[in-house]
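For reference, the structure is listed below as structure tokens.
Only the coordinates and a few stated rules stand behind these numbers; no lab work does. Source: prediction; values computed, not measured. Don't worry about glycine lacking a Cβ; one is built from the backbone with ideal geometry, like all the others, and counts go over all protein chains shown.
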Amino acid sequence: MELTGKQRAYLRSLCNTLQPVLYIGKEGITDATVKEAYDALEARELIKCSLNDTAPVTAREACGILCDRLGASPVQCIGRKFAIYRRNEKEPKIQL
């Protein structure tokens, strides 16, 4: 799903108050990480993720990998944090 500029700006505004729910550590992105991100996206639609200093990938790389594997859209990437969005088709919580 490709987001327009206005949609991405709205999602970025929602991200300001979110705390990271997914942490990527020295193991990088594993199947367990992808499963956890999948579950979080099903429950929330919009999640913020954070990388530890020991992570083998950058935030931009991690965001791209997770978006590809989950069918999500990147929203924002700043420093060691990034946000991704995927609409829940059954019960949408965020109206774009």
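Just a few scattered comments:
- Extension gain, E36-I65: 0.36 nm per intervening residue step, less the Cα-Cα distance, totals 9.0 nm.
- Calculated on alpha-carbon atoms, Rg and Dmax of segment 5-85 in Å: 11.6, 35
- Annotation for segment 1-86: trypsin sites (Lys or Arg not before Pro) lying in DSSP loop with at most 12 further Cβ atoms inside 10 Å of their Cβ are K26.
- Segment 43-96, Cα convex hull volume normalised per residue, Å³: 77
- Exposure proxy order (Cβ contacts within 10 Å, fewest to most) of D31, D39: D31, D39
- Residues I78, I65, ranked from the fewest to the most other C-beta atoms within 10 Å, line up as I78, I65.
- DSSP-defined beta bridges in the chain - what % are antiparallel, rounded to 5: 75
- Within a Gaussian network of the chain (alpha carbon springs, distance under 10 Å), most fluctuating of S50, S13, S73: S13
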